[in-house]
1. Which of the numbered conditions does residue 417 fail, given that it passes all the others? Conditions: (1) under 26 Å from residue 194 (Cα atoms); (2) modelled with pLDDT of 95 or more; (3) hydroxyl-bearing (Ser, Thr, Tyr).
2. Kindly indicate the residue of the range 439-468 that is among the β-branched types (Val, Ile, Thr) and under 24 Å from residue 504 (Cβ atoms) and also most open to solvent (accessible area, probe 1.4 Å) among those meeting that condition.
3. Can you run down the residue pairs with Cβ atoms below 8 Å, 6 or more apart or on separate chains, where the first is in the range 170-197 and in contact (Cβ under 8 Å) with a residue 60 or more places away in the chain and the partner is surrounded by fewer than 16 Cβ atoms within 10 Å (Cβ to Cβ) and small (Gly, Ala, Ser)?
4. Scan the helices (runs of 4 or more DSSP H) fully inside the range 349-428 and keep the ones with 3 or more residues being basic (Lys, Arg) and touching a residue at least 12 places away in the same chain (Cβ under 8 Å).
5. If residue 490 satisfies every condition in (1) more than 30 Å from residue 160 (Cβ to Cβ); (2) open to solvent by less than 30 Å² (accessible area, probe 1.4 Å) but one, which is the exception?
6. Looking at the range 524-544, which of its residues are among the hydrophobic types (A, V, I, L, M, F, W, C) and out of contact with any Lys or Arg (no Cβ under 9 Å at 6 or more places or on another chain)?
7. Restricting to the range 377-399, give me the number of residues that are open to solvent by 60 Å² or more (accessible area, probe 1.4 Å) and under 13 Å from residue 546 (Cα atoms).
8. Does residue 93 meet the test of being surrounded by 14 or more Cβ atoms within 10 Å (Cβ to Cβ), over 31 Å from the mean Cα position of the chain (by Cα) and among the hydroxyl-bearing types (Ser, Thr, Tyr)?
Amino acid sequence: RSESFVSPPAPAGMSSPGEGASSGAGAPPGGGGAGAPPPSAGADRVMAEASKALTMYSGAPAAALAGGGGAESEMDFNDIFSMRKPQNIMAGTSSGLQSAAKGILAGTAAFLAAPVIGARQEGAVGFFKGLGAGTVSAVVLPTVGICVGVGQIVRGIINTPEAIAEASAGKRWNHRKREWIREDLVQESVALGETTDEQILDKARARAKQRGTAPGIEGMLGGAGAGGGSGGGGGGGVSETEYYDLLGLEPTAAAAEVKRQYYLMARKLHPDKNPDDPLAKERFQKVGEAYQVLSDPSLRAKYDERGKAGLGDHSFVDASAFFAMLFGSDQMEGLVGRLQLATLAMAGADLKRDESGQLQERRQGRLAVKLAAMLEGYVSGGPGGEEAFTQQMGAMAMQLVQASYGEMMLHLIGFMYEKQAMEFLTDPVAGMGTWMDLGFRSGVARLEQKAKQISTQMAAANAGLKVFNAFRAGEQEAKSAGLTEEEANQVRIKHQKNMLPHFLEALWNASALDIESTLRHVCDKVLHDMSVAPQVRARRGEGLVLLGKIFQKAKAPAGTGDPMAQVEEAMRKAFQGDGADGDED
């Protein structure tokens, strides 16, 4: 499942370990009737802990373990030991080895952990119960994993002839449906009109509302939904309502409503969408300030009590940078769609697996239709058509490169365009290539993409590790003997400054992985579109190579500065104040 970076939905289907059991494990204290727990309760708890450890190791999102957090559980056996149909021998081998490794590691972990957990809960008796449960797990889990692994490899071998035939016929493998499909952008355009993203997201929001929690990130962090809990205003008796009025909200609005309304207002008022309005930037900045206050419980309480005077000398982030950090550049949405981080912020934790997949497929479909339209100038251009296309796309690139993260995003987009097109044009099986080079050039293009993906993953992991180390160092120094509370806070602020650039780097790399995966599927749709003739697909491939090179050559105008440094500075001002660096050289 390394083909795509899709923010995983809250699985639903299988209750969390111990949830819903008729007795013993997982029952809340006092919730299952009076009297002492049955004799098997201890062993049940040990097995529940082992099961929970196995589930966590398998990579299941934490919401699945939280018994009621997120959408209703839809986790099944495939989330631990995958038995989904493999595409070919390579996919089958990868799936098989992963299942075998999971079984062996999970069995070993259960064998070592179960006695310890049992001893903590019931002393010596619990130790021996845990030892028994761990021993069983150490035998059963590796056996199951190996059997599933062998089965997946065999299925991959059996499916390989079909994969070669279907790929040669121009069909593409759909990883969500696990079947070969015929790409057709005409039908895709029709299907996109059958529903909207908002209708899908509203289902997730409705589930969050039924639970009494906020949708998206707010709910994941424990925020309450409309009607109660944390995150709401102080009621009608607030000192002033200017910030609420800017967002079109009542003072009683919940935190989730504030986030959603800011997203809608910021998109509507963004200066990029109102280039002829000299007041657009000022209105956009005010909306950003309103959101920064109302989304922070502490600042919101001060504002409700004393109005703007209660905020003191609080510094605000530049709204353009702030909006770009939260939701991605609006200018780039036509090329990369709504980033997964934005979807997660809106309703990600409450989306079911199918809904999350549907949103991603709709995103890819829209982008594919737009990309095919962009390439039409090259495909249908007569004499001089290539030059006109180059000039047009070059002008667009010069505009986009000035957006937040514009240069970095354009270079990434251009790289994916070029390499995907080169792979298609030289692939003798699924593309337009011949066997003269034995598929060498398409293999090189494929490896270049894989190398970039691995490099981005490593960079994200490295940045995340630096964030963790900086945080840990700050806490250790802050807890040193002899420091007052004020001195400890100053130490934490110093380390937060060191942590911020690594956090931004991790955030960018997460978005980069999302963009890479999405564009890979988008290019597949455009280049394997069976609604047009092979000659048109070939011309699209050539145009995509040219477009990719144009984007990769784009450079931000001199003096615009490094976009990540700009966002870092904006966030520093927000969290530490304008004078935070005043004493530094």
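The values are calculated or read from the model by the stated rules, or taken from the named source; none is laboratory data. A quick note: this is a predicted structure, and the numbers were derived from the prediction, not measured. Every residue, glycine as well, gets a Cβ built from its backbone with ideal geometry; the counts of neighbours run over all protein chains shown. Keep in mind that these areas ignore ligands, DNA and RNA; they rest on the heavy atoms of the full protein, side chains included. Shrake-Rupley method; radii C 1.70, N 1.55, O 1.52, S 1.80 Å.
1. Going through the list (1) under 26 Å from residue 194 (Cα atoms); (2) modelled with pLDDT of 95 or more; (3) hydroxyl-bearing (Ser, Thr, Tyr), residue 417 breaks only (1).
2. Taking the range 439-468 as the starting set, the residues that turn out to be among the β-branched types (Val, Ile, Thr) are 444, 454, 456, 467.
Next, from what is left, pick out any that are under 24 Å from residue 504 (Cβ atoms): 454, 456, 467.
Numbers: 454: 81, 456: 15, 467: 32 Å².
Here the answer is 454.
3. Close Cβ pairs satisfying both conditions: 184/531; 185/531; 186/531; 187/531.
4. Numbers: elements: 353-379, 385-400, 406-426.
By residue number, 353-379.
5. (2) is the only condition that residue 490 fails.
6. So the first thing to find is which residues in the range 524-544 are among the hydrophobic types (A, V, I, L, M, F, W, C), and the list is 526-527, 530, 532-533, 536, 538, 544.
Matches in the range 524-544: 533, 536, 538, 544.
7. Of the residues in the range 377-399, 4 are open to solvent by 60 Å² or more (accessible area, probe 1.4 Å) and under 13 Å from residue 546 (Cα atoms).
8. Numbers: surrounded by 14 or more Cβ atoms within 10 Å (Cβ to Cβ): yes; over 31 Å from the mean Cα position of the chain (by Cα): no; among the hydroxyl-bearing types (Ser, Thr, Tyr): yes.
When the stated conditions are applied, residue 93 does not pass them.
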